[in-house]
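For reference, the structure is listed below as structure tokens.
FYI, it's all coordinate maths here, none of it is from the lab. A quick note: this is a predicted structure, and the numbers were derived from the prediction, not measured. Neighbour counts are summed over all protein chains in view; Cβ atoms, including those assigned to glycine, are modelled from backbone coordinates with ideal geometry.
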Amino acid sequence: MNPLEKRLLKLESSLLPAELIRIRRFIVNTDHEPVNGYRCGDVEIIRLPGEDSKSFHLRCNAAVDWTSTNRHVFDIIDSVNS
């Protein structure tokens, strides 16, 4: 590969879109008790019976709209009606 081809390859690679980074924050209880539900904006996600934290967080992540922002904070819902 000649120097001109190398330079062209370097320029083209800099034009590729950057990888999208999604930032999510989950507020947790200070006593480390499991959270029964989260609210993010106007979306409420309730933990399913027997659902582990990892699955619950993945479901929360999938429930919000990532097209308008790349950051979401999930606040604990104080009371969850079962």
Exercise for the section: Between Leu9 and Ile21, with labels modelled 7 Å along Cα→Cβ, what's the label distance in nm to one decimal, could you check? Expected result: 2.8
Handout entry: Peptides ranked, highest mean first, by Cβ atoms within 10 Å: ranges 36-44, 48-56
Key = 36-44, 48-56
Practice task
Rounding to the nearest 20 debye, state how big the charge dipole of segment 18-76 is about its Cα centre with +1 on each Lys and Arg Cβ and -1 on each Asp and Glu Cβ.
Solution key: 180
Handout entry: Label zone at His32, where the point sits 7 Å out along the Cα-to-Cβ direction: segment 45-63 residues whose backbone N lies under 16 Å
Key = 53-54
Practice task
Among DSSP beta bridges whose residues both lie in the chain, state the antiparallel percentage, nearest 5.
Solution key: 60
Problem - Potential lengthening between Ser53 and Ser68 on full extension [0.36 nm per residue; Cα-Cα distance subtracted] - result: 2.8 nm
